[in-house]
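Notes follow the structure.
Coordinate-derived values only; no laboratory data. Since this is a predicted model, take the numbers as computed values, not measurements. A quick note on method: Cβ atoms are made from the backbone with ideal geometry, for glycine too, and the neighbour counts reach across all protein chains shown.
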Number of protein chains: 2
Amino acid sequence: MSDDGHAATPVAGRRMTSSELTVWRTLIDTTAELRRILGAQLLQDSGLSPADYQVLLALSEAAGRRLRSSELAAIIGWERSRLSHHLNRMERRGLIGRNHCATDSRGSEVSLTDDGARMFSGATLPHLRAIKRHFTDALTPEQVEALADVLRALQSHLHPEPTTRVEEKRP
Amino acid sequence: MSDDGHAATPVAGRRMTSSELTVWRTLIDTTAELRRILGAQLLQDSGLSPADYQVLLALSEAAGRRLRSSELAAIIGWERSRLSHHLNRMERRGLIGRNHCATDSRGSEVSLTDDGARMFSGATLPHLRAIKRHFTDALTPEQVEALADVLRALQSHLHPEPTTRVEEKRP
DNA sequence: GGCATATGATTGACGCATCAACATTGACGC
DNA sequence: GCGTCAATGTTGATGCGTCAATCATATGCC
């Protein structure tokens, strides 16, 4: 009567060791620190927050540099409400524009302004260099590969579906 | 010429490969997802946010279950202003109490209430189980060790100081 | 057509984090 | 004591993220 695939997994009843817990906490702390450092650097270099960067990245890769609001939300994995609030602030700063959608009167289309495109393209190189400096340069190629392996394991545990989760994203 | 400590490192002038960039983005996305999942689980199981949990953890381990405000801030690595705001909200909920410090009239002492201690102790086990379920159970012991190695490399790159403070000038 | 329901998008309220003042008090030199 | 400076802790303003509620429109069913 087993109805699903992962019901019978033994999942090693033992408790976590304290060193496993330490690895967990270090993972959270270290990634938080990296996000903080790179976010501050990005803001200082370009005046863009990491959230701004994500939005502008998706828009700059879109055909015609414009996207429906909900497509944009799906691409960057945000809730629509969050996106709407953030687009308000970005519109006020002149980074993006909004028009009514031609094919669906409910929808709205978000477009990259020239100012937004300029800001984004000025932000890209310093940001990539900062990632390299603080992340890639710290690791050997073997360590990068080991980390990729760990992340694959975590992802496939989070999302048992066989669909590949790591979509390709270009700078 | 350069003032920082790692001048002699060749720092491989080459750019990042796209797979290195993908590993970086996956690291950020995956840890964000884990934080989100575990935070939501914690809140649902115990009514405590991750921030509450950190504060209560530090207090519950302190001698007499009380700490000076700035010590607490140092232990959990928060800015004092953030802590002050958060303690206001936790005090309103009856999780902690505040008294004037006896030895320093500027200071304030934060103490764990019985309610706070109960909430925290009820939160601990489910939280540890959730970490095990979503993190530890996804990895082999070898992967955990490889991740620990990667985190050590990242940390020592972020903080060039050797882990042990070797020398300290005393007046 | 006409009505119920679903969907796209926005808004307001609230909790939270950061930043820049601010008030108070301790420490040290004189 | 007095003056300066550092440290402790708080507050207000502002931006951000989440939740529930809302509005307008599209879709489907009869």
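Could you tell me whether the range A:16-100 comes out rounded, prolate or oblate from its Cα gyration tensor? Rule is a ≥ b ≥ c as square roots of the eigenvalues, rounded for a/c under 1.5, then prolate if a/b exceeds b/c, otherwise oblate. The shape class here is prolate.
Counting only other chain Cβ atoms within 10 Å of each residue's Cβ, the peptide B:138-144 averages 5. Across peptide A:14-26, the mean count of Cβ atoms from other chains lying within 10 Å of each residue's own Cβ comes to 5. Shown is the FRET efficiency for A:His85 and A:Asp45, computed with R0 = 41 Å from the Cβ-Cβ distance and rounded to the nearest 0.05: 0.95. What does the charge add up to near B:Asp52, with Lys and Arg as +1, Asp and Glu as -1, over the other residues with Cβ less than 11 Å from its Cβ? Every neighbour counted, the sum reads +2.
Each Lys and Arg Cβ is given +1 and each Asp and Glu Cβ -1; about its Cα centre, the range A:44-158 then shows a dipole of about 420 debye. Measuring label to label, 7 Å along Cα→Cβ, what does B:Leu57 give against each other copy in nm, shortest first? Nearest to farthest, the other copies are at 2.8 nm.
Anisotropy class assigned to the protein assembly as shown is rounded, per the alpha carbon gyration tensor with a/c under the 1.5 cut-off. Which shape class applies to the range B:73-130: rounded if a/c is under 1.5, otherwise prolate when a/b exceeds b/c and oblate if not, where a ≥ b ≥ c are the square roots of the Cα gyration tensor eigenvalues? Prolate is the answer for the range B:73-130, as a/c is 1.5 or above and a/b outweighs b/c.
Between A:Leu42, A:Leu21, A:Leu87, the GNM of chain A built on Cα springs shorter than 10 angstrom shows A:Leu21 fluctuating the most.
Comment: the Cα-to-Cβ extended label point of A:Ser70, at 7 Å, lies 5.4 nm from its counterparts in the other copies, nearest first. Of the peptides B:57-63, A:116-122, the ranking by mean beta-carbon count within 10 Å, highest at the top, reads A:116-122, B:57-63. Across the identical copies, the 7 Å label point of A:Arg133, projected outward along Cα→Cβ, sits 4.2 nm from its counterparts, in ascending order.
Placing a label point 7 Å from the Cα of B:Ser108 along the Cα-to-Cβ direction, the residues of the range B:52-83 whose backbone N falls under 14 Å of that point are B:67-73, B:80-83.
Placing +1 on the Cβ of every Lys and Arg and -1 on the Cβ of every Asp and Glu, with no other charges, gives the protein assembly as shown a dipole of roughly 980 debye about its Cα centre.
Peptide A:126-135 shows a mean partner chain C-beta count of 4 within 10 Å per residue C-beta.
Distance from the Cα centroid of the range A:79-136 to that of the range A:15-40 is 29 Å (rounded to whole angstrom). Restriction of the trypsin sites (Lys or Arg not before Pro) in the range A:84-116 to DSSP coil positions whose beta-carbon has at most 13 other beta-carbons within 10 angstrom yields A:Arg106. Per-residue Karplus couplings for the range B:104-114, computed as 6.51 cos²θ - 1.76 cosθ + 1.60 with θ equal to phi - 60°, are listed in order as 9, 5, 7, x, 10, 10, 9, 10, 7, 7, 4 Hz, Gly and Pro entered as x. If you run the Gaussian network model on chain B, springs between alpha carbon atoms under 10 Å, then out of B:Leu72, B:Leu112, B:Leu139 the most flexible one is B:Leu139. Under a Gaussian network description of chain B, with springs only between Cα atoms under 10 Å, the residue in B:Ala102, B:Ala123, B:Ala40 that fluctuates furthest is B:Ala102.
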